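The structure appears below as structure tokens.
The values are calculated or read from the model by the stated rules, or taken from the named source; none is laboratory data. Values in this document were obtained by computation on a predicted structure and should not be read as measured data. Counting neighbours? That spans all protein chains shown, and the Cβs are built from the backbone with ideal geometry, glycine included. Calculation scope for accessible area: heavy atoms of the full protein, side chains included, ligands and nucleic acids excluded. Shrake-Rupley method; radii C 1.70, N 1.55, O 1.52, S 1.80 Å.
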Amino acid sequence: MSADAIGSHALNVARDHSVTGARGNAQRLDLRRHGLTVTQDLPEPPMTDTPLDAFTRSWTSMALAPQKLWQSINSGWSFGNVTINESNSSAPQTEQAILAQESYGRQIGKLLDAVDLLVKQQPDWQQTKAFEEVDQLKTKIDGVKHDLAVKRIEQLRGDLDLLRVSTDAADKAHYGAWIAALRQLLDDMPASAN
């Protein structure tokens, strides 16, 4: 059989066995298994458009979900804008376990308290810029803590007032229980704190 005859026969077999591409793209046929490289554009199959086809196309063309779903794997963890992983930590799991016990804020706060105490023990602390900056930082942070404590107390006072004026019996019971707990707390405080 000649090469032309083999190629022609293969193309007819391919057409008979529905070797087609997606609609709108002609499929190219490669006959390498016969030792030939014969390629020819196959004609596109006729487009039959039934009402079901139109309905299906309208629904499948809508992107209700992403067509490609993937997510990068971050083997570390994030805290605000900071990501901790193997690139910037030799033990990210250890850091995460420590943070579960003590936040960065608490850790830095304790260190700042200790450094400020050590700074103020230096005879020249007020003449050393770095020592002054530590004291200013501590003063600023203590001010933020104070302001937020006042806001929390104001919020508590407002919440208690809402419970006090409520007509709901459960709210009245909660109010009584919280007032009793606050009175007990005040009674238990050292005299120097009052």
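Residue count for region 121-157 satisfying the condition of being assigned to a helix (DSSP H, G or I) and either in contact with a Pro (Cβ under 8 Å, 6 or more places away or on another chain) or among the hydroxyl-bearing types (Ser, Thr, Tyr) (or both): 1.
A search for C-beta distances below 7 Å between a residue of region 156-171 that is farther than 15 Å from residue 182 by Cβ and charged (D, E, K, R) and any residue that is modelled with pLDDT under 95 and open to solvent by less than 70 Å² (accessible area, probe 1.4 Å), counting only pairs 6+ apart in sequence or on different chains, returns 171/163. Taken as a whole, region 113-133 holds no residue that is touching a Leu at 6+ places or on another chain (Cβ under 8 Å), in contact (Cβ under 8 Å) with a residue 24 or more places away in the chain and farther than 30 Å from residue 179 by Cβ.
Of all the residues in region 117-152, those that are under 16 Å from residue 105 (Cα atoms), among the β-branched types (Val, Ile, Thr) and loosely packed, with under 13 Cβ neighbours inside 10 Å number 2. For region 166-180, the set of residues classified as of a type outside the set (Asp, Glu) and surrounded by 10 or more Cβ atoms within 10 Å (Cβ to Cβ) consists of 166, 172, 173, 174, 175, 176, 177, 178, 179, 180, listed by residue number.
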